[in-house]
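Encoded as structure tokens, the structure appears first; notes follow it.
The values are calculated or read from the model by the stated rules, or taken from the named source; none is laboratory data. Keep in mind it's a predicted model, so treat the numbers as computed, not measured. Here the Cβ positions follow ideal geometry from the backbone for every residue, glycine too, while neighbour counts run over all protein chains shown.
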Amino acid sequence: MQRIGDHHVPSGPLAVRWLALAVPHVQAGARTHVHVELENAGSAPWRALNVSYHWLDERGNPIQWDGIRTPIDAAQGERREVDAALRGPIPPGRYRLAFDLVDENRYWLAELGNHSPTFDVDVAPRDATAARAFVPNGVEVAPDWEERVYVAHTEGYAAVGGSLAYGGPRRRRPPPEELEPYAPGGGRNPAFAHPLVCPSLIPPLEPNTEVHGLPAWHPEGDEPWLYDARIALRLRPRRRSRPPT
């Protein structure tokens, strides 16, 4: 727990005195909690405020401005302790982490002259040792598939998926309509509109849908995900059995 020294507290209805914060080990893209101690130093009760944060670069420029919200309420002069939710930025590296309270759709309290405690944080690569690949029999992975998936996970992405070629390497067949969006070509697509097919997932994520009978994960919640067409798979069509003569 890091105690916060004296700082300017403005007069007015909304004022906060930050007392202490305990910033844990942070991994890129992963969710954790920060223990916060603070006091309502204003003349009005807190009824609709949230603890949140910003990730900044070394010069104070915003990398991620709107962090996860954690509701807080307090009467005038009341001290509160809260475990505020925090998600690490992507990719790993050194960042500055600034905390603030926000009155939604109105203002951050720092805009009213309140102090915003800021810390330098070394964000570690995400632990990908528990990641599980949902690649069934009949689907071949490219030689660099495992490496590309691992790198994407350590960058901070909990769910990683890629392209899916259809047919053998010599003779191409037109893919089924369901698989057309996954045709090889291109790179990372942060706005991919389809589920990740045959994904690699960090627990507790599990496949939550199917595409052409294959396991797939449709983005849900706020877990970071990535579609990268360079993460290549190939599905061999099943051979049709000949009718008996």
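If the requirement is being modelled with pLDDT under 95, of a type outside the set (Ser, Thr, Tyr) and not assigned by TED's automatic domain parsing to the domain that holds Arg31, which of these qualifies: Pro215, Pro184, Pro204, Pro199?
Values: Pro215 fails: modelled with pLDDT under 95; Pro204 fails: modelled with pLDDT under 95; Pro199 fails: modelled with pLDDT under 95.
So the residue among Pro215, Pro184, Pro204, Pro199 that is modelled with pLDDT under 95, of a type outside the set (Ser, Thr, Tyr) and not assigned by TED's automatic domain parsing to the domain that holds Arg31 is Pro184.
Answer with yes or no whether His35 is in contact with a Gly (Cβ under 8 Å, 6 or more places away or on another chain) and either without any contact (Cβ under 8 Å) to a residue 24 or more places away in the chain or on the phi < 0 side of the Ramachandran plot (or both).
On the way: in contact with a Gly (Cβ under 8 Å, 6 or more places away or on another chain): no; either without any contact (Cβ under 8 Å) to a residue 24 or more places away in the chain or on the phi < 0 side of the Ramachandran plot (or both): yes.
It is false that His35 is in contact with a Gly (Cβ under 8 Å, 6 or more places away or on another chain) and either without any contact (Cβ under 8 Å) to a residue 24 or more places away in the chain or on the phi < 0 side of the Ramachandran plot (or both).
Checking the condition surrounded by fewer than 21 Cβ atoms within 10 Å (Cβ to Cβ) and closer than 30 Å to Pro204 by Cα, which residue from Ala98, Ala75 passes?
Values: Ala75 fails: closer than 30 Å to Pro204 by Cα.
On inspection, the qualifying residue turns out to be Ala98.
Going through (1) outside any strand (DSSP E or B); (2) touching a strand residue (DSSP E or B) at 6+ places or on another chain (Cβ under 9 Å); (3) free of Cβ contacts under 8 Å to residues at least 60 places away in the same chain one by one, Ala84 falls short only on (1). When residues in region 196-227 are screened for being crowded, with 22+ Cβ neighbours inside 10 Å, not in a loop (DSSP other than H, G, I, E, B) and not hydrophobic (A, V, I, L, M, F, W, C), 2 of them pass. Pairing residues of region 103-129 that are of a type in the set (Val, Ile, Thr) with residues that are assigned to a loop (DSSP other than H, G, I, E, B), at Cβ distances under 8 Å and at least 6 apart in sequence or on separate chains, gives Val121/Val23; Val121/Val26; Val123/Val26; Val123/Pro89; Val123/Pro92.
Looking at Arg230, Arg132 in this structure, which one is in contact with a helix residue (DSSP H, G or I) (Cβ under 9 Å, 6 or more places away or on another chain), modelled with pLDDT of 95 or more and either at positive phi or surrounded by fewer than 17 Cβ atoms within 10 Å (Cβ to Cβ) (or both)? Talk me through it step by step, then tell me what you get.
On the way: Arg132 fails: in contact with a helix residue (DSSP H, G or I) (Cβ under 9 Å, 6 or more places away or on another chain).
Of the residues listed, the single one that is in contact with a helix residue (DSSP H, G or I) (Cβ under 9 Å, 6 or more places away or on another chain), modelled with pLDDT of 95 or more and either at positive phi or surrounded by fewer than 17 Cβ atoms within 10 Å (Cβ to Cβ) (or both) is Arg230.
For region 59-81, enumerate the residues that are in contact (Cβ under 8 Å) with a residue 40 or more places away in the chain and either among the acidic types (Asp, Glu) or within 18 Å of Ala110 (Cβ to Cβ) (or both). Correct list: Ile68, Glu81. Within region 1-37, restricting attention to residues that are surrounded by 14 or more Cβ atoms within 10 Å (Cβ to Cβ) and basic (Lys, Arg), the residue that is nearest to Leu109 (Cα to Cα) is Arg17. Thr70 passes every criterion in (1) surrounded by 16 or more Cβ atoms within 10 Å (Cβ to Cβ); (2) over 18 Å from Gln27 (Cα atoms); (3) touching a Pro at 6+ places or on another chain (Cβ under 8 Å); (4) not acidic (Asp, Glu) apart from (3).
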